[in-house]
1. Could you check, for segment 393-405, whether at least one of its residues is touching a helix residue (DSSP H, G or I) at 6+ places or on another chain (Cβ under 6 Å), without any contact (Cβ under 8 Å) to a residue 60 or more places away in the chain and within 18 Å of P190 (Cα to Cα)?
2. For segment 339-392, give me each residue that is under 23 Å from Y195 (Cα atoms) and hydroxyl-bearing (S, T, Y).
3. Condition first: surrounded by 24 or more Cβ atoms within 10 Å (Cβ to Cβ), touching a helix residue (DSSP H, G or I) at 6+ places or on another chain (Cβ under 7 Å) and assigned to a loop (DSSP other than H, G, I, E, B). Now tell me which residues in segment 249-293 satisfy that.
4. Looking at A34, A72, A68, which one is of a type outside the set (S, T, Y), in contact with a Leu (Cβ under 7 Å, 6 or more places away or on another chain) and more than 28 Å from D265 (Cβ to Cβ)?
5. I'd like to verify a number: residues in segment 71-83 that are surrounded by fewer than 17 Cβ atoms within 10 Å (Cβ to Cβ) and more than 15 Å from F6 (Cα to Cα), how many?
6. What is the one condition in (1) open to solvent by 40 Å² or more (accessible area, probe 1.4 Å); (2) among the hydrophobic types (A, V, I, L, M, F, W, C); (3) part of a helix (DSSP H, G or I); (4) under 13 Å from M237 (Cα atoms) that L144 does not satisfy?
7. Collect the residues in segment 343-356 that are open to solvent by less than 50 Å² (accessible area, probe 1.4 Å) and assigned to a strand (DSSP E or B), keeping them in residue-number order.
8. Look through segment 358-411, keep the residues that are farther than 17 Å from P324 by Cα and acidic (D, E), and return whichever of them is most open to solvent (accessible area, probe 1.4 Å).
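The values are calculated or read from the model by the stated rules, or taken from the named source; none is laboratory data. Everything numeric in this text was worked out from a predicted model, so none of it was measured. Positions of Cβ are backbone-derived with ideal geometry, glycine not excepted, and every protein chain shown enters the neighbour counts. With ligands, DNA and RNA removed, areas are computed over all heavy atoms of the protein, side chains included. Shrake-Rupley method; radii C 1.70, N 1.55, O 1.52, S 1.80 Å.
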Amino acid sequence: MTGERFDVLIVGGGHGGAQAAVALRQRKFAGTIAIVGDEPELPYERPPLSKDYLSREKEFERILIRPATFWAEKQVEMLLGHRVASVDPAAHRVTAADGMAIGYGTLIWATGGSPRRLTCDGHALAGVHAVRTRADVDRLMGELETTRRVVVIGGGYIGLEAAAVLSKLEKQVTVLEALPRVLARVAGEPLSRFYEAEHRAHGVEVRLGATVSCIEERDGAVSGVRLADGEVLPCEMVIVGIGIVPAVEPLLAAGATGGNGVDVDAFCRTSLPDIYAIGDCAAHANGFAGGAHIRLESVQNANDQATTVAKAIMGEPVPYDAVPWFWSNQYDLKLQTVGLSTGHDQVVLRGDTATRSFSLLYLKQGRVIALDCVNATRDYVQGRALVLAGSVIAPERLADASVPLKELATA
C-alpha cells in the first residue's frame with residue numbers, strides 16, 4: 001500500500017469520515033476515495049455503544065453505518081487498522097504508525113478524539129474502562145458476569161447512559177461527579193436535578209462534588225475507588241466518562257492552527273493547504289454559540305460538516321451553519337436537544353417534570369436559543385423553528401404547554 005495515492009483521503013472511520021465519502025459519491029465525485037481508520041471495523045454508529053450495544057439489545061452488525069457491500073459498490077477503499085501518525089502537507093502524504101505512507105490530493109481529517117484518562121494512581125488497572133470504541137465496550141461486557149459493583153466517574157451523557165444500562169442489568173452503580181450537579185456543562189439545573197432524581201429512583205447512587213484520589217488495587221485489578229476525603233467505594237469495575245481529547249496531534253505538528261482541536265473556517269478548511277477537518281476534532285466559529293470558537297461532539301455536527309466539505313470539494317461551497325441537535329436515551333426517557341444553551345440567562349419550564357414529559361426552553365436576552373425536551377418530541381420538532389429564528393416570545397406563553405410551539409413560531 002505504501003506509495004499509493006488517492007484523490008480524497010479520509011482519516012477517521014467514524015460518522016464524519018463515512019458521511020464525507022457518502023456525500024462525495026452522492027454528488028457524483030468520480031475520483032478515488034479511501035478511508036484510513038485505526039480500528040479494524042467498518043464505520044459504525046457510536047451513540048449505541050453506551051446504550052443498545054452495551055445492553056446487548058443490538059448486535060454489532062445492526063449499528064454499522066453501511067454494510068461492506070456498500071463501500072465496495074461505491075468504490076471507497078477501506079484501509080482499516082492503521083493509525084495515521086504524521087502528515088506532510090508539502091508532499092501531500094500521510095504516514096501511519098506502522099510505516100504505511102499514502103498520498104492524497106485532498107485530505108479530510110475526521111479522527112474524533114480519544115477518551116480523556118484519569119491521571120491518578122491506578123488509572124491503568126484491569127477493570128478500568130472507557131466507552132468510546134467497540135473494543136472498549138466488548139472488553140467491558142466481557143467482565144460483567146464477574147462484576148457486581150460499578151463506579152462511574154463522570155456525570156455527563158456517556159456516564160449516565162452507561163449507569164442506566166448497568167442498573168437495568170442489576171449492577172450496583174455509583175456515579176461520581178466532581179461538579180455540583182450532573183450534566184453541568186451542557187444543561188440547565190432543572191434538567192440536572194431531574195436526571196439525578198431519576199437515577200436515584202432506579203437505585204443508582206449519585207454523588208456530587210466527589211473528587212477521586214486514586215483507584216485501589218488487589219491482585220492487579222480494581223478493588224475500589226478512593227475519594228479525596230479518604231472514603232473507599234468497593235467495586236470490581238470503573239467506567240471513566242470525563243470527556244475526550246481531540247485527536248489532532250499530527251495536524252498540529254504539521255503546522256495547522258489549533259489547540260483544543262484543529263481550527264477550521266466556515267467551509268471546514270484548516271490552515272494547511274488541501275486539508276479539511278470535521279466532527280469532534282474541528283474547532284469552528286458557531287453562530288448558535290454567539291460566534292464562539294467551539295468543538296461540537298455530536299453525530300449531527302460530524303455529518304453536516306462532512307456534507308459541507310463534500311460540497312466544497314465539488315466546487316459548490318456553502319458555509320456550515322447547521323443548527324446543533326443531540327439526543328440521549330436513559331431508561332424510558334428520550335432527551336432531545338436543539339440549539340446550544342451556553343450563556344443562557346433564563347430557563348422556562350414547559351410542562352411538569354413529575355409527568356416525565358416536559359421541555360426546558362433556554363433564553364438569552366429574551367431570545368430562544370435552545371430546548372431540552374424529555375419525552376416531548378413534538379416540542380423538539382416544533383421548537384427548532386424558534387431557535388433558528390431567535391424568537392422573542394413572552395416566557396409565560398412558552399410555558400403554556402396547551403399551546404403548540406408551532407403556533408408561537410407563526411404568531
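1. No.
2. S341, T342, T353, T355, S357, S359, Y362, T377, Y380, listed by residue number.
3. Selection gives C268, T270, I278.
4. Selected residue: A68, the only one of A34, A72, A68 that is of a type outside the set (S, T, Y), in contact with a Leu (Cβ under 7 Å, 6 or more places away or on another chain) and more than 28 Å from D265 (Cβ to Cβ).
5. Qualifying residue count, segment 71-83: 5.
6. Among (1) open to solvent by 40 Å² or more (accessible area, probe 1.4 Å); (2) among the hydrophobic types (A, V, I, L, M, F, W, C); (3) part of a helix (DSSP H, G or I); (4) under 13 Å from M237 (Cα atoms), L144 violates only (1).
7. Within segment 343-356, V348, R350, G351 qualify.
8. E396
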